[in-house]
Amino acid sequence: MKRFSLVLAMLLLVAATLAAAVATAQQPTPPAGTAAPAPAAGAPAPSKIDKGDTAWMLTSSALVLLMTTPGLALFYGGMVRQKNALATLMQSFIIMAVISIQWVLWGYSLAFGPDKGGIVGGLDWVGLRGVGAEPFDAYSKTIPHQVFMLFQMMFAIITPALITGAFAERKKFSAFLLFTVLWATIVYDPLAHWVWGDGGWLKKLGALDFAGGTVVHISSGMSALVCAIVLGRRRGYGHQPMQPHNLPMTVMGAGLLWFGWFGFNAGSALEANGLAASAFTATNTGAAAAALGWMFTEWLTRGKPTVLGAASGAVAGLVAITPASGYVGPLSALVIGAIAGAVCYSACNLKSKFGYDDSLDVVGVHGVGGTWGALATGLFASKAINEAGDNGLFFGNPGQLWTQIVAVLATYALAIAATYVILKVVDAVVGLRVSAEDEVAGLDLSQHSETAYAMGGGQYGEFSSASGAFADAMRGAEAKPRVAH
């Protein structure tokens, strides 16, 4: 009954939203061929679409989408145990579908629609009403408004996907879906408005976040911490081996993330210009420095540099340079990245001391890396790189560091409080965690009735010596021939 009520409620919500969108879209429009009113004397020239900028932003949008699937999907999918590989890939993949619809129906309007008190956008653009082919000057003067919407959609897609690494291998698929929709609506959309929306209070305050240090990485990292604590540790955590099942997959995912990140950061210039080139350079430099910083730190402390460490270090550097990428030069990016590699490595090793099970180190990489990047922006930002920004502490403006601290703390507060409430609601409606038997069997079988690999290494160690009807059923499901697609 609870599940039926949930499905009914969600259908009603979608139906109501669509009805509102259709009703507002039916307002009269000027007849075809009607000339636009002439601009008043002395008024600024109307915006004009630039084909080069538009092509670059469409390309950047595709690059950012690639970061989620296959990039993040492979990165996370290789780090889990074999019995959870498909379920982990599925989470990143299906988020593309879920958030694409949420963003079109109401997400974009809440994030970037007409300001409501600096907190959230209004519902004027529900169903993308009014978001068309003409530029919207408050966001970009040379690309269609719809292109800007698409670019921002890709950020909205990858952010909740990042959180999935914290609760990997133990969360119900139904709970994951409901959590994703609620989190995107209650956390991501308002936060995006605070920082990037026209009239957002952190934007007015002067907080600098070029491509998502607060909006994407700190929000996902802090929410991941709450998820890890509320859901509890995986069965056998700390007692059973839980090594990654396919590190080559993870490394390829990290490479795709690095590749796609150029659209993430350089695309945030919103034009094909010198600032995009500067952000591209800073992004690559920060990632490279962090990969080396993590590798050498691990080498010194553990005696061997690991492949997983190098890949994780590169991602940590990409996270840290994200908020600063459009405001710092290459040498500053090198310092930010190198420190990020060492700091994030140390942070990931703290989870065993604190006792929480952040399965794939979302907190250490995104939460800590994003925090360092946001603060580093307040240290290294320079108006010589971007006149639209401001100088940081090292360039004579200590006030910028304080503004960055306020932005970080505000993001912490929203993400932590809202995520906790959302998890409690989801738990009450559908339950958060799979049963003990389903967790031992693996989410691939228990949630999707599939296995990642049809041949070789298919038997799960937990059932090698088990007996009983449940174990027999798992073995039978594993041996069952796959249906051709």
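Data for the structure
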item: Residue satisfying all of: in the stretch 167-217; among the hydroxyl-bearing types (Ser, Thr, Tyr) and open to solvent by less than 30 Å² (accessible area, probe 1.4 Å); farthest from Gly373 (Cα to Cα) among these; result: Thr180
item: Members of the stretch 123-162 found to be touching a residue at least 24 places away in the same chain (Cβ under 8 Å), open to solvent by 50 Å² or more (accessible area, probe 1.4 Å) and closer than 19 Å to Val64 by Cα, listed by number; result: Leu150
item: Considering residues of the stretch 243-278 that are farther than 25 Å from Gly309 by Cα and either among the basic types (Lys, Arg) or touching a Phe, Trp or Tyr at 6+ places or on another chain (Cβ under 6 Å) (or both) only, the residue most open to solvent (accessible area, probe 1.4 Å); result: Ala272
item: Among (1) assigned to a loop (DSSP other than H, G, I, E, B); (2) at pLDDT below 95, the one test that Glu387 misses; result: (2)
item: All helices (runs of 4 or more DSSP H) inside the stretch 285-372 with 1 or more residues being more than 16 Å from the chain's Cα centre (by Cα) and farther than 23 Å from Leu247 by Cβ; result: 330-348, 351-354
item: Count of residues meeting criterion [outside any helix (DSSP H, G or I) and not β-branched (Val, Ile, Thr)] in the stretch 57-99; result: 1
item: Residue in the stretch 410-422 that is of a type in the set (S, T, N, Q) and out of contact with any Cys (no Cβ under 8 Å at 6 or more places or on another chain) present; result: yes
item: Residues of the stretch 279-307 that turn out to be open to solvent by less than 30 Å² (accessible area, probe 1.4 Å), under 20 Å from Phe380 (Cβ atoms) and not hydrophobic (A, V, I, L, M, F, W, C), as a count; result: 3
item: Failed item in (1) surrounded by fewer than 18 Cβ atoms within 10 Å (Cβ to Cβ); (2) at pLDDT 95 or above; (3) in a helix (DSSP H, G or I), with Ala376 passing the rest; result: (1)
item: Any hit, the stretch 100-122, residues being at pLDDT 95 or above, surrounded by fewer than 20 Cβ atoms within 10 Å (Cβ to Cβ), under 15 Å from the mean Cα position of the chain (by Cα) and in a helix (DSSP H, G or I); result: yes
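The values are calculated or read from the model by the stated rules, or taken from the named source; none is laboratory data. Quick caveat: nothing in here was measured; it's all calculated off a predicted structure. Cβ sites come from the backbone with ideal geometry, for glycine too, and all protein chains shown count toward neighbours. Please note that ligands, DNA and RNA were not included when accessible areas were found on the heavy atoms of the full protein model with its side chains. Shrake-Rupley method; radii C 1.70, N 1.55, O 1.52, S 1.80 Å.
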